[in-house]
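Written below as C-alpha cells is the structure these notes are about.
FYI, it's all coordinate maths here, none of it is from the lab. Here the structure is a predicted model, which is why all the values come from computation and not from measurement. All Cβ positions, glycine included, derive from the backbone under ideal geometry; neighbour counts span all protein chains shown.
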Amino acid sequence: MSYVDRMCLRMMVFSLVPLALGGLVAWLLAALLDLPSRLGGQTLFPDLPLQVAMAGAGVSLALSLYQALRLWRWRQGKGASCYVCGCLLGRERDGRYGPYRKCLGCPTNHAVSKGLV
Ligand SMILES: [Zn+2]
C-alpha cells in the first residue's frame, strides 16, 4: 500500500462512519418502534427509521464530497503537502514542541511555523 493509497483510505473511511451509525440507529429504532405493534397496538412513527438512515447517508455523502474536493485540490497542487511523500497534511494539533500537522500518508509530523513575533 503506497502513501497515497493510505492517505485516500484515511480520508474516506471517516466519511463512512455516519452511514454506519445511521444504519445502526435506524435498525435499533425500527426494533423499538415495532414493539407496540407486536403487543397488539399500532406502530409509532413508521417512517422515522428510514429518515434516520437517509440522514446518515446524506451526511456521509456530504463528507465524501468534501474529502473528494480536498483530493481534487491536492491534485491541483493546492493546500499544504508533506515534503517527504507529497501527501496532504491533517489538521493542526498542539504538541509538546508547539503546533504541528501530521501527514495523512506517512508517519511524519510537520511543525507549523507562526512566524517570529
Ligand atoms: Zn508524508
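With the requirement that a residue be loosely packed, with under 12 Cβ neighbours inside 10 Å and of a type in the set (S, T, N, Q), what does the range 1-31 give you?
Ser2
Looking at the structure I just gave you, is Val84 in contact with a Gly (Cβ under 9 Å, 6 or more places away or on another chain), of a type in the set (A, V, I, L, M), away from the ligand (no atom under 16 Å from the Cβ) and at negative phi?
Spelling it out, it is not the case that Val84 is in contact with a Gly (Cβ under 9 Å, 6 or more places away or on another chain), of a type in the set (A, V, I, L, M), away from the ligand (no atom under 16 Å from the Cβ) and at negative phi.
Results for (1) assigned to a helix (DSSP H, G or I); (2) of a type outside the set (Asp, Glu); (3) out of contact with any Leu (no Cβ under 8 Å at 6 or more places or on another chain); (4) surrounded by 13 or more Cβ atoms within 10 Å (Cβ to Cβ), shown as yes or no for each residue.
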{"residue": "Gly58", "(1), (2), (3), (4)": "yes, yes, yes, yes"}
{"residue": "Gln67", "(1), (2), (3), (4)": "yes, yes, yes, yes"}
{"residue": "Gly77", "(1), (2), (3), (4)": "no, yes, yes, no"}
{"residue": "Tyr83", "(1), (2), (3), (4)": "no, yes, yes, no"}
{"residue": "Gly90", "(1), (2), (3), (4)": "no, yes, no, yes"}
{"residue": "Lys102", "(1), (2), (3), (4)": "no, yes, no, yes"}
{"residue": "Cys106", "(1), (2), (3), (4)": "no, yes, yes, yes"}
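Looking only at residues in the range 44-74 that are more than 16 Å from the ligand (Cβ to nearest atom) and charged (D, E, K, R), which one is farthest from Ala30 (Cα to Cα)?
My answer is Arg73.
Tally time: how many residues in the range 61-117 are of a type in the set (Ser, Thr, Tyr) and under 26 Å from Leu16 (Cα atoms)?
4
What about Gly79, is it touching a Lys or Arg at 6+ places or on another chain (Cβ under 8 Å), of a type outside the set (D, E, K, R) and within 16 Å of the ligand (Cβ to nearest atom)?
In short, yes.
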